[in-house]
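Participant: Encoded as structure tokens, here's the structure I'll be asking about.
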């Protein structure tokens, strides 16, 4: 492949590192200009830097949906979205010609996507595609998970999402902690649960914790701009300095 300047907009460090690694394998001539974690950072970067050849962009960022970027700044490069979002979005991208890769992104899929955007098209081509997609996106409503089906020794039971206080990961296993204190292991990953749970009610505080707004008892300032969340059952969760503004925006609605 030819030389290519790439902008990565991704708030999960592991996902960003994976993208950089397979990008270097697919196209050793590609240069990653920056790795950005938030809508705010992306808008500021795009306002002050020349347009990259392509942007690899997660849908859900630390401070909101990446679609907000297009409402705040003119994006003139093709965009490859890299996330696990609703099926309708996948269909919309296939129709409009932009690419949409499900995590974890595979080398062959990224190679094919980069091959598409390597073809020379006028700037207006990509602008029209994005306008078409955004119009379809705004016309849909996302359906989030409402309950969990939990296996028992002799059957199953359902747990409404409203009963979940927070989610934590331990030894690569995710656990729901219910408001009554019960812990239940579930097969989903933290990334899958982050996509499935309503972002109005749940917040990805860090790699190990997703908290519900009702679970937060108090918030304290920590060292170096971090925030400390005190949850029910005397559990404390640390929010990084980078995610602290997103947490404040999430709570201040």
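Participant: Hey, rough spin-label estimate for residue 184 and residue 143, points 7 angstrom out along Cα→Cβ, what's it come to in nanometres?
Facilitator: Going from the residue 184 label point to the residue 143 one covers 2.0 nm.
Participant: Multiply the residue gap between residue 48 and residue 234 by 0.36 nm, knock off their C-alpha separation, and tell me the result in nm, one decimal place.
Facilitator: Gain in length upon complete extension: 62.5 nm.
Participant: Please rank 144, 100, fewest neighbouring Cβ atoms within 10 Å first, as an exposure proxy.
Facilitator: Least crowded to most crowded, the residues run 144, 100.
Participant: Follow-up. Can you give the extra length, in nm with one decimal, that the chain gains between residue 72 and residue 108 once fully stretched, where that is 0.36 nm per residue apart less the Cα-Cα distance?
Facilitator: Stretched out fully, the residue 72 to residue 108 stretch lengthens by 9.7 nm.
Participant: With r as the distance between the Cβ atoms of residue 175 and residue 249 and R0 = 25 Å, compute the FRET efficiency 1/(1 + (r/R0)^6) and round to 0.05.
Facilitator: Efficiency at R0 = 25 Å is approximately 0.40.
Participant: Binning at 10 angstrom from zero up to the longest distance, how are the C-alpha pair distances of region 147-251 distributed in percent?
Facilitator: P(r) over region 147-251, rounded to whole percents: 14, 49, 29, 6, 1, 0.
Participant: Same structure, new question: Taking region 195-253 as the region of interest, what is the percent of Cα-Cα pairs per 10 angstrom bin, listed from the shortest bin to the one with the maximum distance?
Facilitator: 23, 62, 15, 0
Participant: Would you please give the FRET efficiency between residue 17 and residue 153, computed as 1/(1 + (r/R0)^6) with r the Cβ-Cβ distance and R0 = 45 Å, to the nearest 0.05?
Facilitator: Calculated transfer efficiency: 0.65.
Taken together, the values in this text are just the output of simple stated rules run on the coordinates, not laboratory data. Predicted, not measured: the structure shown is a model, and the values here were computed from it. In this analysis, Cβ positions are derived from the backbone assuming ideal geometry, glycine residues included, and neighbour counts consider all displayed protein chains.
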